[in-house]
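What follows is a set of notes on a single structure, which appears directly below.
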Amino acid sequence: MNCLFSGGQVVDLAIRIEKSGVAFYEKAKAKAESEEVAKIFEHLIGEEKKHLETFQTLLKDIELVRPPEQYEGEWDAYLAAAAEEHVFSDDALAQEAMARIAGQTDAIQFAIGFEKDSILLFHELSGLVCGKNKDVVDRLVKEEREHLRKLSELKKSLANA
């Protein structure tokens, strides 16, 4: 069976997502209506840049492990769907989505979706890599979860303000 994705292709997708994340958080920061929100978006810009560097390092020596499949092509189809549905998997779609953000509330809600999509995709990526690369990707998943937690708390605090 031919693989639809190589390790490099999966990491390339993650790199594109991180680059789009940096661009999104920069735009979101510009729409921030408070110093607290601006600081969180600034923090997330730095985090996405660190993740970008991590994936660029992984790209040098990553090799995918093929998980067992119940039917031929199961994993490739799943990974293709996860990649296509990520909010920032395509630059044109990302730019279109960012243009629809009217203010900080929209930006926060969109960021929550971005982080959820990233958690799913990076979690699946961690199941495809071994050794130190798996540990690195698992760490990134934990960081994305923390971003989601912070954004959710921020959303709640703004709703209660």
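Here the stretch 102-161 is treated as a sphere whose radius is the Kirkwood value from Cα pairs; by Stokes-Einstein at 37 °C and 0.692 mPa s it diffuses with a coefficient of 265 µm²/s. Note on the stretch 7-159: Kirkwood hydrodynamic radius from all Cα pairs is 16.0 Å, rounded to one decimal. Computed extension length for Tyr78-Lys156: 24.8 nm, one decimal, from 0.36 nm per residue of separation with the Cα-Cα distance subtracted. Legend: ranking of residues Arg100, Arg149, Arg16, Arg139 from fewest to most surrounding C-beta atoms inside 10 Å; resulting order Arg100, Arg149, Arg139, Arg16. Look at Glu115, Glu26, Glu153 and count the other Cβ atoms within 10 Å of each Cβ; fewest to most, that gives Glu153, Glu26, Glu115.
Each reported figure results from applying straightforward, stated rules to the coordinates on display, with no laboratory input. These numbers were taken from a predicted model, which means no experiment stands behind them. All Cβ positions, glycine included, derive from the backbone under ideal geometry; neighbour counts span all protein chains shown.
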